[in-house]
Each structure stands twice: as structure tokens, then as C-alpha cells.
Amino acid sequence: MSDYDLIDADDVDTPGDEWEELDVSDDESDRIARVQDREFQEFRKRIKDADQFKVEASVFDDATLGALYKLVQDGHIRAFGGPLSTGKEANVYLAASDGDDVAVKIYRINASDFRAMRDYLDGDPRFEGIGSDKKKVVVAWTRKEFANLRRAQAAGVRVPNPIAVQRNVLVMEFLGSDGERAKRLNEVSVENPETAFEVVREYMRRLYRAGLIHGDLSEYNIVVHDDEIYVLDLGQAVTVHHPNSREFLERDCENIAAFFTRQGHDATGEDLLSYVVEPEPEP
Ligand SMILES: Nc1ncnc2c1ncn2[C@@H]1O[C@H](COP(=O)(O)OP(=O)(O)O)[C@@H](O)[C@H]1O
Ligand SMILES: [Mg+2]
């Protein structure tokens, strides 16, 4: 039986309203791609020839390869494993590092659904003045996911530990074992749906109190790893200041309530919403 322990509330940090600077200027990845020294050229060839990248690597631009090269140099990635997922905007790969396995999420600059991204970025105070340069938007998006993971973690929500971010590439803790990724809620029959629901509900509230709304929360972005519930995919998460944040939150609540109702624990989006937005008791 799974208990899905919550992180102890005493270890939960309540951040203020300061936001991390999201710097989207050219970085080391761009420099590596520009200089194209021999080592980088060899790296590029190796990646492009690697079996697991056959299809995808052809769409990586040199600066993306520069970002991967930098992450290898910095010791965050030692060797690439196979793809864990190929999504609309990003591919996720398993990789070995000097420590535990990691997951490497690579946002595609060209394939990204750029208009959809703008809907989430417009109105987020962290993105004022980024404009509509495609590369900058994707770089900002990747940094935003990194910052959101940190913030979620500080708020006491289990998420993959964010390790490094370089341009459009995010390295995080791999959730899974022996190279097998953890299963999403839609792939398992949930043990203790009532307890699982209570944990997800508490996570949503903690996120909200930390000023964040997931914006794409459903059984597809929640996994069970080591008998604990983890939330994934915080790229599109917006701050409560976003003009559509309420709509995103209502949709998240509907998705979650519908899923748990199908699992045998009756819940409504409305009740869930009032739970999530309930004001924090005065200390
Ligand atoms: N840190 C991770 N550990 C294990 N699997 C992961 C990790 N991050 C993503 N995945 C797998 O990749 C899938 C897609 O990742 P996600 O961040 O949701 O991107 P997308 O935007 O493509 O949905 C997830 O559903 C999950 O199965
Ligand atoms: Mg996802």
C-alpha cells in the first residue's frame, strides 16, 4: 500500500514575490557553435551518428549541440541514453552523469509551437520585454521551466530536482529506475486514489501559495516514483499575476477532479478550486 508522504511542512519555504532574472542573451552554447573548434565538430558528428538520435538530431541546430557540449564539459552529462519521450515542443532523453542518471529535456527552437507559448508568456512579469524573437522565447521558456521547478521544490512540491539549464536544454533528476522512466498516472491503476488525490490537491495549493499555477496539470504530467507522487512539466506554469491564470487553474482543477473521479474517488473541480485558493491561515 502506498502512503504518498507529503514533504514535512516545516521544510517548506514560502518564497516572496521576487522572480529570478531570466537572461536570454547569447551564452557559451552560442559561442561554441560559432567557434566550431575541432573538439566540438567531433562531438557534433558523434551525436548526429548516435543511434538514439537518428531522427531527432537532424533537427538540432548547432547552438543546441553547443548547449549539449557545454553540459558534457560541465560534467552534467556523461553519455546519452535513449529517448524517454518525443513531444510537441521538446524531446526528453535519459543520460548518464557522474552521479545518478539524469533526464535531459531539449526544446526545439524551430518546431516549437511558438504562438501557444506566447499565450503563456504574455502577462508573466518575468517575461516583460522579451519580444517575439523565436530563439529568445524558447530560451526564456526553458529557463522558466528551470525556475518553476526550483520554486515548486522550495514550496514543498515533489518535482524532478532541476540540475542545470543551458540555452534550450534542461537537465534534471531522472525519475525511474534501471533506465525505465516512472509511470504516469494515466499508465497505472492508482493505489489509494483518495490519498493520492489529497497529495495532488495539497501540491496544487502549495504551488498556488508560492505564486504558481501549473497550467497543464493532468494524469499525463504526474508520475509515481518510489511510491511518491511527482509533478512534471512546469514549462508553461504561470504566476498568479497572469491574466489567464484563473482560467488555467480552473482547467487544472477540472482535469484532476475528473481523473480521480474515474479512479473511484469522487471529486469536483469546484471543490478542488476552493481548496487550492483558500487563504493561508495567519501564523
Ligand atoms: N525527469 C524525468 N524523469 C523521468 N521521466 C521524465 C522526466 N521528465 C520527463 N519525463 C518523461 O517524458 C515525458 C514528457 O516530459 P514533459 O516534461 O511532460 O514534456 P512535454 O512538454 O513533452 O509533455 C513525461 O511524460 C515523462 O514520461
Ligand atoms: Mg508533459
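Within this structure, residue 219 fails the test of being part of a loop (DSSP other than H, G, I, E, B) and either among the small types (Gly, Ala, Ser) or surrounded by fewer than 16 Cβ atoms within 10 Å (Cβ to Cβ) (or both).
Of all the listed residues (102, 72), the sole one being modelled with pLDDT of 95 or more, within 16 Å of ligand 1 (Cβ to nearest atom) and within 25 Å of residue 159 (Cβ to Cβ) is 102. Among the residues making up the stretch 191-205, a single one is touching a strand residue (DSSP E or B) at 6+ places or on another chain (Cβ under 9 Å), more than 16 Å from ligand 1 (Cβ to nearest atom) and under 24 Å from residue 144 (Cα atoms): 204.
Condition check ((1) surrounded by fewer than 20 Cβ atoms within 10 Å (Cβ to Cβ); (2) without any contact (Cβ under 8 Å) to a residue 60 or more places away in the chain; (3) assigned by TED's automatic domain parsing to the domain that holds residue 125; (4) of a type in the set (Gly, Ala, Ser)) across all residues:
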| residue | (1), (2), (3), (4) |
| --- | --- |
| 232 | no, no, no, no |
| 247 | yes, yes, no, no |
| 250 | yes, yes, no, no |
| 254 | yes, yes, no, no |
| 258 | yes, yes, no, yes |
| 261 | yes, yes, no, no |
| 267 | no, no, no, yes |
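Of the residues in the stretch 195-215, at least one is free of Cβ contacts under 8 Å to residues at least 40 places away in the same chain, within 15 Å of ligand 2 (Cβ to nearest atom) and within 13 Å of the chain's Cα centre (by Cα).
Screening 266, 233 for residues that are away from ligand 1 (no atom under 16 Å from the Cβ), at pLDDT 95 or above and not in a helix (DSSP H, G or I) leaves exactly one candidate, 266.
Selection of the stretch 216-258 for residues being among the small types (Gly, Ala, Ser) and under 12 Å from the mean Cα position of the chain (by Cα) yields 235, 237. Just one of the listed residues (158, 151) is at pLDDT 85 or above and under 18 Å from residue 223 (Cβ atoms), and it is 158. Among the residues here, residue 224 qualifies as touching a Leu at 6+ places or on another chain (Cβ under 9 Å) and either within 15 Å of ligand 2 (Cβ to nearest atom) or modelled with pLDDT of 95 or more (or both).
Looking only at the stretch 45-55, decide whether some residue is surrounded by fewer than 13 Cβ atoms within 10 Å (Cβ to Cβ), in contact with a helix residue (DSSP H, G or I) (Cβ under 9 Å, 6 or more places away or on another chain) and in a helix (DSSP H, G or I). Yes: the stretch 45-55 contains one or more residues that are surrounded by fewer than 13 Cβ atoms within 10 Å (Cβ to Cβ), in contact with a helix residue (DSSP H, G or I) (Cβ under 9 Å, 6 or more places away or on another chain) and in a helix (DSSP H, G or I).
Test residue 38 against the stated conditions and say whether it is assigned by TED's automatic domain parsing to the domain that holds residue 160, modelled with pLDDT of 80 or more and surrounded by 10 or more Cβ atoms within 10 Å (Cβ to Cβ). No. Among the residues of the stretch 174-190, which ones are within 9 Å of ligand 1 (Cβ to nearest atom) and on the phi > 0 side of the Ramachandran plot? Matches in the stretch 174-190: 176 only.
Of all residues in the stretch 269-276, at least one satisfies being surrounded by fewer than 17 Cβ atoms within 10 Å (Cβ to Cβ) and either touching a residue at least 60 places away in the same chain (Cβ under 8 Å) or within 16 Å of ligand 2 (Cβ to nearest atom) (or both).
For every residue, the table says whether it meets (1) hydrophobic (A, V, I, L, M, F, W, C); (2) surrounded by fewer than 17 Cβ atoms within 10 Å (Cβ to Cβ); (3) under 23 Å from residue 249 (Cβ atoms).
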| site | (1), (2), (3) |
| --- | --- |
| 161 | no, yes, no |
| 191 | no, yes, no |
| 205 | no, no, yes |
| 212 | yes, no, yes |
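The values are calculated or read from the model by the stated rules, or taken from the named source; none is laboratory data. As the structure is a prediction and not an experimental result, all values here were calculated from the model. Methodologically, a virtual Cβ is constructed for each residue, glycine included, from the backbone with ideal geometry; neighbour enumeration extends over all protein chains shown.
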